[in-house]
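For reference, the structure is listed below as structure tokens.
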Amino acid sequence: MSNLADYTQHEYGEEKSSMTKVVDKDSAEMEQDLSPKKSYEAMRSSPRKKYPCNQRIGPMHGGLLPTTDEYFNVECNDISKGGISFYLKRPPGCEQFAVVLGQKPKITILAAKVVNTKEVKHDDQQMYLVGCQFIDRIQK
């Protein structure tokens, strides 16, 4: 017999019960859970490109934009249509940043949520590589 539903129907001559359907569904979900996990690269909606330049970011708290004096420069690592990564000297103190891309007068400001943080060695310093996903464009 291939599964519990076939066994139930063969042994008892009954239609599949709702309990059997749940077992079938759970088996399929378990098989999916056991399948190899996708790498971060495979899950990205667009490929990342190296982006070794400085840009300005500011912490967003409660969805509020940072004040002008809250923005600071960061060294970027990479960028894609969907997100950006950059280096910080300490773990981020917020869940979202306003990210300023470009140079005046042609700048774009995007809201980005922190999706991962990893301690790394960069330029002989302990740093935090912060990966963010762009979530909205901020109108200025």
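Express in nm, to one decimal, how much length is gained between Ile107 and Leu88 on full extension, taking 0.36 nm for each residue of separation and deducting their alpha carbon distance.
Gain on stretching Ile107 to Leu88: 4.6 nm.
Once the piece of chain linking Val114 and Cys53 is laid out straight, how much longer is it, given 0.36 nm per residue of separation minus the C-alpha distance between them?
Details: separation 61, 0.36 × 61 = 21.96 nm, distance 1.93 nm.
Computed gain between Val114 and Cys53 is 20.0 nm.
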Checklist outcome for this item: Listed by chain and number, the residues whose amide H is under 5 Å from that of Asp136, excluding neighbours fewer than 5 places away on the same chain and using placed H, are Ala111
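Any read-out appearing in this document is the output of simple, stated calculations on the displayed coordinates, not a laboratory observation. Nothing here was measured: the structure is a model prediction, and the numbers come from that model.
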